[in-house]
Amino acid sequence: MPMTRPLFDLTIHEAAVLLRQRQVSAVELTEAVLERIYAVDNDVRAYLALMPEAALEDAAAADRALADAPDPASLPPLLGIPLAIKDVILVEGLPATAGSRILEDFLPPYEATVVRRLRAAGAVLLGKTNTDEFAMGSSTENSAYFTTHNPWDPGRVPGGSSGGSAAAVAAGECLAALGTDTGGSVRQPASFCGVVGLKPTYGRVSRYGIVAFASSLDQVGPLARDVADAALLLRTIAGHDPQDSTSVDLPVPDYLASLALRDRPLQGLRVGVPQEYFVEGMQPEVESAVRAAIAQLAELGGQIREISLPHTAYALPVYYILAPAEASANLARYDGVRFGPRHPDARTMWEVFTKTRGAGFGPEVKRRIMLGTYALSAGYYDAWYLQAQQVRTLLKRDFDLAFAGSPGAGDGVDVIACPTSPTTAFRIGERSSDPLAMYLADIFTLSLNLAGNCGISLPCGFDQQGLPIGLQLIGPAFGESTILAAAYAFEQATDWHTRRPTLQPTG
Ligand code: GLN
């Protein structure tokens, strides 16, 4: 096969073929990606930490396995594939800062289940990617270390909080990556960086070894260059884990097998278009690209139906009560006693807590802790936390009725199609002093986390500035095969996913 594209630009499935045909070695592949990182990461700043020596050792081990295998097809699917991991996910041998000063020196004594599964499948781990502090944010500007730049326009944010992972995939600094999604943090940066991002159903993927933000909402998800790679990564990381009691004991389908190419591949698929997701104030180019994508789904055989998710307007306020409430409890452990370096000037017990936390947390994290503590405090609990939980049930019911159908609204739909984000990537600094403007970046993504079901973002166009636009396909709980199949059919009929940013190496 003639090499027309650089190695760092390959998809996982393309690289896997070349490795098995021995056209490329895993060491060559990893070296090519490391070279790319050295060339462009001064500008992109996707990585917080790298482990090149360990990566090259793992790649050499993959090459030995490839050389020894009598049947290369039987080798694990990610053998020799260089991947990046968001810094809220624990990897042995590397610090896990979660983008926070308070965890600057934290070396985890164990590894996340998702990382163990990637290693068992043969993956080569390159390093840790930048994130908003404790995954709170939509731009990586809340990272205590630095802001990641969007590879399509260095003056713009990559989205967040998994912005480092999304930018690394878009810039050729890994073949794919893991992120976490509590309110949109995989899908929104995927949309801003022109890559594929999937949030699995709550319980589909283990959260063991993930720095907790909001435990009833957090899920780990893949960021990849195409739908097949996202399916492969999901198949690898999904499944029950005895170390996470919220992970569900259901068999993991072969998500790759559901991506069959057929004539009119979406024949009979019922696609719901929620009227509440096309709101005033959204960028017109986003609306037109997403409407064009929906027309394309119809051409592929989908039956398009206008639907209503009537409680959508409450998703943002409900999320910003529940997520901070859970965060305020989860972040209590960073106190200078259990986690976090104790402040040197602290003389009393209370000073240990207040000085350590005062110096260790950034402004957004403090804002969330205060919001959450308030919503949970005696006298306010019923009015805020409890009421938000009740409205959360209504939001979930909106999705349940949309998928299952109801006597009033007729039969249900199989997938829901809408924008991932109301705008394309915004400028660095544009929203950093206006928390509400920042929170609005996730208006179309966070309802799924509250309801617990799954969603995928995939490229569906570009605006006039050349910035990527994302189409979001939402499925019912454990409907990953359906959204992946629909996303794959759309992807195969379009070429948005093949576009790459032009980056001038300066490193
Ligand atoms: N942007 C949202 C927030 O700040 C979602 C973050 C996430 O999904 N981790 O909470």
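Just a few scattered comments:
- Between residue 267 and residue 345, the contour length at 0.36 nm per residue exceeds the alpha carbon distance by 21.3 nm.
- Relative contact order computed over segment 248-326 (Cα-Cα under 8 Å; 6+ residues apart), in percent: 41 percent
- For the chain, the dipole from Cβ point charges (+1 on Lys and Arg, -1 on Asp and Glu) about the Cα centre works out to 620 debye, to the nearest 20.
- The chain - percent relative contact order, Cα under 8 Å, separation 6 or more: 18 percent
- Fraction of antiparallel bridges per DSSP, segment 166-324 only, in percent to nearest 5: 65 percent
- Only Cα pairs under 8 Å and 6+ residues apart enter the sum, and on that basis the relative contact order of segment 124-229 stands at 24 percent.
- DSSP-defined antiparallel bridges as percent of all bridges, segment 1-156, nearest 5: 45 percent
- Summarising the amide proton neighbourhood of residue 129: residues at separation of 5 or more, or on other chains, whose placed amide H is nearer than 5 Å comprise 48, 85, 86, 87.
- Förster radius 25 Å - calculated FRET efficiency between residue 35 and residue 107 (Cβ-Cβ, nearest 0.05): 0.35
- Antiparallel beta bridges, as assigned by DSSP with both residues in the chain, represent about 65 percent of the total such bridges.
- A simple rule links phi to the HN-Hα coupling: the Karplus curve 6.51 cos²θ - 1.76 cosθ + 1.60 with θ = phi - 60°, which for segment 66-82 gives 5, 5, 7, 6, x, 10, x, 5, 7, 6, x, x, 9, 4, x, 8, x Hz, with x for Gly and Pro.
- Near the amide H of residue 221, within less than 5 Å, lie the amide hydrogens of 179, 180, 181, all on another chain or at least 5 residues away, with H placed in the peptide plane.
- Charge-dipole axis of segment 1-133 as Lys and Arg at +1 and Asp and Glu at -1 on Cβ define it, positive-most pick from 130, 6, 102: 6
- Lys/Arg +1, Asp/Glu -1 at C-beta; the chain dipole; positive extreme among 56, 121, 240: 240
- For segment 201-285, alpha-carbon Rg and Dmax in angstrom: 16.9, 47
- Working note: Karplus 6.51/-1.76/1.60 with θ = phi - 60° gives segment 489-494 the couplings 4, 5, 4, 5, 8, 9 Hz, where Gly and Pro are set to x.
- The residue among 282, 69, 23 whose Cα reaches farthest toward the positive pole of the charge dipole of the chain, with charges on the beta-carbon of Lys, Arg, Asp and Glu, is 282.
- Cβ charges +1 (Lys, Arg) and -1 (Asp, Glu), total dipole of segment 323-381, debye: 100 debye
- Å² per residue, accessible surface of the chain at 1.4 Å: 37 Å²
- Only Lys, Arg (+1) and Asp, Glu (-1) charged, at Cβ; segment 134-230 dipole about Cα centre in debye: 200 debye
- Put simply, the amide H of residue 270, placed in the peptide plane, has neighbours under 5 Å in 303, 414, 415, leaving out anything fewer than 5 places away on its chain.
- Annotation: peptides 300-310, 382-392, 35-45, 448-458, ranked by per-residue average of other Cβ atoms within 10 Å with the highest first, follow the order 448-458, 35-45, 300-310, 382-392.
The values are calculated or read from the model by the stated rules, or taken from the named source; none is laboratory data. Bear in mind that the values here come from a model prediction, so they are computed numbers and not experimental data. Backbone-built Cβ (ideal geometry, glycine too); neighbour counts: all protein chains shown. Each accessible area value is taken on the protein alone, full model and side chains, heavy atoms only, with ligands, DNA and RNA left out. Shrake-Rupley method; radii C 1.70, N 1.55, O 1.52, S 1.80 Å.
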